[in-house]
Amino acid sequence: MQKNIQEDLNNKVDAIYMERCLQLAQKGQGSTAPNPMVGCVIVYNQQIIGEGWHIKAGETHAEVNAIQKVKDTALLKKSTLYVNLEPCSHFGKTPPCANLILKYKIPNVVVATPDPNPKVAGKGIKLLTDAGCNVTVGVLEKEATELNRRFITFHQKKRPYIILKWAQSKDGFIAPEKTKNTPPEVFWISTLASQQRAHQWRSEEACILVGVNTVIADNPQLTTRNWRGNHPLRLILDPNNRTPKNAVVASDTHPSLFFSKDSEMRFNGNKKRVTLQPYSLESLMRFCAEQEYTSILVEGGQKTLQYFIEENLWDEARVFTSPNLLNKGVKAPVLTGEPYQKSHVKEDLLMLFRNQTNEQDFLDNA
């Protein structure tokens, strides 16, 4: 009985410190891709003596940053290190974190989830346990898996994590009818607050994708100008090279990739045309995997969004519904299933969906 009480207490303590790891890891959202978001906490005598997180891809990992914050490194020999993802065991842009843990002889390590990256995939845990380190795995595993769903999906499915997003009127239109004389500009259905939320989402993903019809009709910027954060890489599906040269995505200073059936038309500088052979979403996913693009926010237009839906190539959908009516125009994409969450952003209704088929595969393999 006493043993069970003590184990329960230890589990609760581990969960508290792991929760702090997840809070720290979240700080790296939008900056760590293609790496995961990782936070680390080092505890001695029930006190946090060092903590850190992975700030940016290519820079030091969370474990290194946490250890560097410890003022008296002699205490590390009596401490417990908490981290939400298995410590790496290979040389990449930085040395292995597992080796650093062994260097400082940290006796206890608590891990939320194993690393799905084949370069690690249990090797870090094995290296620690073989050296006599006491390793506990699985504390707040569900929460840690959810946090790094982009990274895990990328390594599980060899493709980016895909989020669909659009705004629609109450009567189910995403844009009014346009004629040849209608100037190319964005028609805003959602409120300014919803637009700002969408820009926040852009800052959290590696790429943003639209079809060429959206570029021609709306001439969008596809940046995070209404939110402080990194601009996503812009991906334009343009099979027949129809992007106007004066379009923002083709003429501004931010990078864009244009995917076509051939490479007849080219842009200079940071604008690049990529040939897909065959021209398909499968080829696009293969290219993105090779380039280590871990996530894509698909914003339009209707045909492009519906294409991803029909191919069952999506993981999340985020849909704003305005209380306003358009009466006619471009119909919104058709998405079956019920939202798992509803909320309001000012006057707009925000519905969040998960692809149940892909999510179950994700959970089964996580």
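The values are calculated or read from the model by the stated rules, or taken from the named source; none is laboratory data. Owing to the predicted nature of the structure, the values given are computational and were not obtained by experimental measurement. Glycine gets a Cβ as well: all are built from the backbone with ideal geometry, and neighbour counts include every protein chain shown. Just the protein is used for accessible areas: all its heavy atoms, side chains included, with ligands, DNA and RNA removed. Shrake-Rupley method; radii C 1.70, N 1.55, O 1.52, S 1.80 Å.
For (1) farther than 21 Å from residue 288 by Cβ; (2) in contact with a Ser or Thr (Cβ under 9 Å, 6 or more places away or on another chain), each residue gets a yes or a no:
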| residue | (1), (2) |
| --- | --- |
| 71 | yes, no |
| 81 | yes, no |
| 101 | yes, no |
| 123 | yes, yes |
| 162 | no, yes |
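Show me the strands (runs of 3 or more DSSP E) entirely contained within the stretch 137-211 in which 3 or more residues are within 22 Å of the chain's Cα centre (by Cα) and modelled with pLDDT of 95 or more. Here the list reads 161-168, 207-211. In this structure, residue 277 does satisfy being over 20 Å from the mean Cα position of the chain (by Cα) and not hydrophobic (A, V, I, L, M, F, W, C).
Matching residues to (1) at pLDDT below 95; (2) hydrophobic (A, V, I, L, M, F, W, C); (3) open to solvent by less than 30 Å² (accessible area, probe 1.4 Å); (4) part of a helix (DSSP H, G or I):
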{"position": "286", "(1), (2), (3), (4)": "no, no, no, yes"}
{"position": "293", "(1), (2), (3), (4)": "no, no, no, no"}
{"position": "304", "(1), (2), (3), (4)": "no, no, yes, yes"}
{"position": "307", "(1), (2), (3), (4)": "no, no, no, yes"}
{"position": "320", "(1), (2), (3), (4)": "no, yes, yes, no"}
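Does the stretch 212-228 contain any residue that is within 25 Å of residue 313 (Cα to Cα), touching a Leu at 6+ places or on another chain (Cβ under 8 Å) and modelled with pLDDT of 95 or more? Looking through the stretch 212-228, at least one residue is within 25 Å of residue 313 (Cα to Cα), touching a Leu at 6+ places or on another chain (Cβ under 8 Å) and modelled with pLDDT of 95 or more. Filtering the stretch 70-86 for residues that are open to solvent by 10 Å² or more (accessible area, probe 1.4 Å), out of contact with any strand residue (DSSP E or B) (no Cβ under 8 Å at 6 or more places or on another chain) and at pLDDT below 90 leaves an empty set. Any residue that is surrounded by 13 or more Cβ atoms within 10 Å (Cβ to Cβ), touching a Phe, Trp or Tyr at 6+ places or on another chain (Cβ under 9 Å) and under 20 Å from residue 205 (Cβ atoms) - is there at least one of those in the stretch 322-331? Checking the stretch 322-331: not a single residue is surrounded by 13 or more Cβ atoms within 10 Å (Cβ to Cβ), touching a Phe, Trp or Tyr at 6+ places or on another chain (Cβ under 9 Å) and under 20 Å from residue 205 (Cβ atoms).
Could you look through the stretch 229-256, keep only residues that are small (Gly, Ala, Ser) and in a loop (DSSP other than H, G, I, E, B), and pick out the one that is nearest to the chain's Cα centre (by Cα)? It comes out as 229.
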